[in-house]
Amino acid sequence: MERVEGGALPPVNEEQAFTKSLHFEKETFDIPESTQNSNADYWFWETFAFDAGNPGPYSFTHVFELNGVSALSTTATLTVHLKGGSDIEAGTDHHVQVSLNGLFLGEATWNGLETLDLGFNIDQANLNEGQNSLAITGVLDNGLTFSLFYLDSFDLTYERLYKAVDNRLHLRGDGNQVVTVRGFSDPGVGIFDVTNPKKPKLITDSTLEKAGASYSISFVPASSDSHHLAQSMNSAQKPTLIPASEPAPLKDFENSADYVVITPSDLKSGAQALADHRTTQGLDSKVVILEDVMDHFNDGIFSPEAIKDFLTFAYHAWKKAPTYVALIGTGSYDYKNHLGYGNNLMPPLMVGTPNGLFASDNRYVDVVGNDGLPEMIIGRLPVLNDQELQTILGKLQAYEGAEPGEWKKRVLLLADNIDPMDPWDDFAADSDQVASAVPQTYTKIKIYLDDAPDAATAHNQVINNLNDGAFLLNYIGHGASEFLAQERVLEVSDVPNLTNDEKLPVVAALTCLTGYFALPGFQGYLGRALLLHPGGGAVAVWSPTGLSANSKARILDEAFFEALFVKGKTILGEAVFEALSGLQEKAKNTYMVDIYTLMGDPALILLGR
């Protein structure tokens with residue numbers, strides 16, 4: 001820390017003030033589908049919803065504290081940040097009114113899904129020292145049938161006295177030649193220039209004075225817009241631990257690996273077992289601890305961007321760039337734990353799609369040009385603990401060591417029926433087209449809902465054929481996070497009844513949301529259930545984290561089948577990579593490359609080849 005020396009200074013009058021801006025925000029709930037911008041804030045504070053049966057008004061009130069409110073005549077500013085959530089009316093959709101401390105400030109209307117930054121100029125005499133109350137009221141105007149909007153946050157700027165609270169004040173110079181901060185209970189006051197918070201400077205050009213039981217300190221600000229901290233050293237917070245600075249081995253250019261496993265430290269043992277397994281098969285394998293990634297690439301702050309930065313560095317700077325990346329641990333987009341669910345072991349990146357934001361592990365390995373196409377092959381083992389990790393490792397090793405059997409030459413083809421509301425998607429025809437790449441040496445078993453006498457029969461056929469074992473289960477059609485097809489021909493509740501042991505298929509689900517792993521507090525999606533079932537299920541699941549478009553899903557599936565059955569790829573991740581490349585070639589800049597995620601080991605050696 002740099003020390004700045006100086007001499008004595010005269011105190012300034014008690015009405016001296018600076019412009020203070022406060023931001024008020026609570027991350028109460030999330031709506032990632034509200035934006036297509038991955039950098040946007042999709043966390044909100046309060047919901048305002050109205051219809052004919054509940055027209056309002058509804059008022060949300062927030063009580064907050066202000067300190068050092070200057071009594072001099074001046075103007076404060078308040079800005080309320082709102083976001084539209086519905087767009088069903090021909091004209092304006094939403095109506096809001098704002099009051100502060102009982103004073104009506106104004107109102108506004110706006111339309112659709114747009115944001116509204118509603119600002120007011122306020123006589124500072126209407127602000128209270130201490131407790132203040134902001135009221136935001138929504139109403140449904142006459143003639144409207146529905147309105148939905150959200151409060152994101154609000155900002156307040158006012159003139160604040162240079163008066164410490166609890167022996168502390170963060171302040172700006174604001175053009176004052178000399179600043180005097182009052183209200184300290186002891187003489188041990190320090191002044192720090194924190195304009196650059198990573199390089200604070202201790203200022204000694206200051207004068208301490210005592211008036212009764214209170215102390216004040218005067219100093220010269222570093223500049224007109226500099227930031228300072230005035231702090232009683234006796235009341236300063238003391239860190240419980242200051243870890244020693246260590247070298248950053250992940251940034252060593254001599255690093256090399258074919259196969260990188262990124263894992264939280266708690267799962268290091270299982271991750272090392274996976275890496276050792278791949279080492280015996282000839283891959284140069286390396287385990288990387290997630291906490292080290294955060295330390296070396298984001299100053300210890302937990303963020304998915306650190307993982308992307310690490311993988312970008314490894315690809316470009318390591319002596320040998322990784323080919324495969326295995327992520328160990330489930331994760332959600334709530335990596336700051338706003339909702340309190342925890343268990344965010346390996347956070348995902350979020351990407352924009354026409355239907356909002358969804359998770360994309362593939363973006364972690366898109367490290368050249370951010371063109372949407374990965375440069376490395378990535379997979380995720382979505383486990384919560386070591387027991388689940390051991391289950392997956394046991395299944396993986398049992399699969400790769402399975403004895404020869406006819407099941408390895410069985411391909412299950414499952415297709416949804418034609419939706420009368422969406423008749424241009426002929427899923428059975430799409431499945432036939434995709435399956436034309438399967439050689440005659442394989443047995444193709446078709447379970448098409450259009451051909452089945454009823455849904456129950458199709459459901460039983462799926463379960464029975466899975467229990468007999470298969471190399472691949474391929475599904476084309478509608479789906480959700482917990483089931484395939486509206487008729488639920490395969491759903492989460494079926495998984496405990498699967499008894500196929502090591503006769504494990506790769507499941508390719510060309511549908512919606514089967515791999516929807518990023519929802520906070522939710523682990524019940526079908527892809528995870530199939531992967532973690534100890535008595536059978538699947539050895540890997542390739543499926544989307546979001547909403548899939550069938551026209552592009554068919555292209556993706558065709559490329560996957562070509563990789564498997566024409567090009568003869570023997571590593572699952574390579575077949576997935578070929579499929580993503582094929583889709584990118586035929587449908588440029590499509591979000592589908594981002595959301596189709598491999599749940600399983602990207603270096604899995606495929607049987608039945």
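Placing unit charges on the Cβ atoms of the charged side chains and taking the dipole of the chain about its Cα centre, the candidate lying farthest along the positive direction among Thr157, Ile122, Leu229 is Leu229. Over the chain, dividing the summed -39,500 (n - 2.57) contributions of all DSSP H runs of at least 4 residues by the number of residues returns a 222 nm mean residue ellipticity of -5500 deg cm²/dmol.
Any chance you could give the angle, 0 to 90 degrees and rounded to 10, that helix 304-317 forms with the longest Cα principal axis of the chain? Roughly 70 degrees between the two axes. From the square roots a ≥ b ≥ c of the eigenvalues of the alpha-carbon gyration tensor of region 83-191, which class results: rounded (a/c under 1.5), prolate (a/b over b/c), or oblate? It is prolate, given that a/c is not under 1.5 and a/b is the larger ratio. Binning all Cα-Cα separations of the chain at 20 Å, short to long from zero, yields these whole-percent fractions: 17, 39, 30, 13, 1.
Placing a pseudo-label 7 Å from each Cα along the Cα-to-Cβ vector at Lys238 and Lys446 gives an inter-label distance of 7.7 nm. Cα centroids of region 295-348 and region 485-503: 32 Å apart. Sorted largest first, the principal axis extents computed over the alpha-carbon atoms of region 112-253 equal 66, 60, 30 Å.
Need one word for region 387-599: rounded, prolate or oblate. Basis is the Cα gyration tensor (sqrt eigenvalues a ≥ b ≥ c); a/c below 1.5 gives rounded, then a/b vs b/c decides. Here region 387-599 falls in the rounded category. Stretching Glu406 away from Thr109 to a fully extended chain increases their span by 100.2 nm, per 0.36 nm per residue minus the current alpha-carbon distance. Look at where the Cα atoms of region 567-588 and of region 102-124 average out, and the two centres are 51 Å apart. Summarised as an ellipsoid, region 249-365 has semi-axes of 24, 16, 14 Å, derived from the eigenvalues of the Cα gyration tensor scaled by 5 and square-rooted, with the largest first. Given axes a ≥ b ≥ c from the Cα gyration tensor, I'd like to know whether region 482-602 is rounded (a/c under 1.5), prolate (a/b larger than b/c) or oblate. In terms of gyration-tensor shape, oblate.
Rounded to the nearest 20, the Cβ-based charge dipole of region 138-254 about its Cα centre (Lys and Arg +1, Asp and Glu -1) stands at 440 debye.
Report the percentage of all Cα-Cα pairs in region 1-147 whose separation exceeds 28 Å, rounded to a whole percent. Summing the P(r) of region 1-147 above 28 Å gives 36 percent of all pairs.
Any read-out appearing in this document is the output of simple, stated calculations on the displayed coordinates, not a laboratory observation. Note that the coordinates shown come from a computational prediction; the quantities given were computed from them, not determined experimentally. Cβ sites come from the backbone with ideal geometry, for glycine too, and all protein chains shown count toward neighbours.
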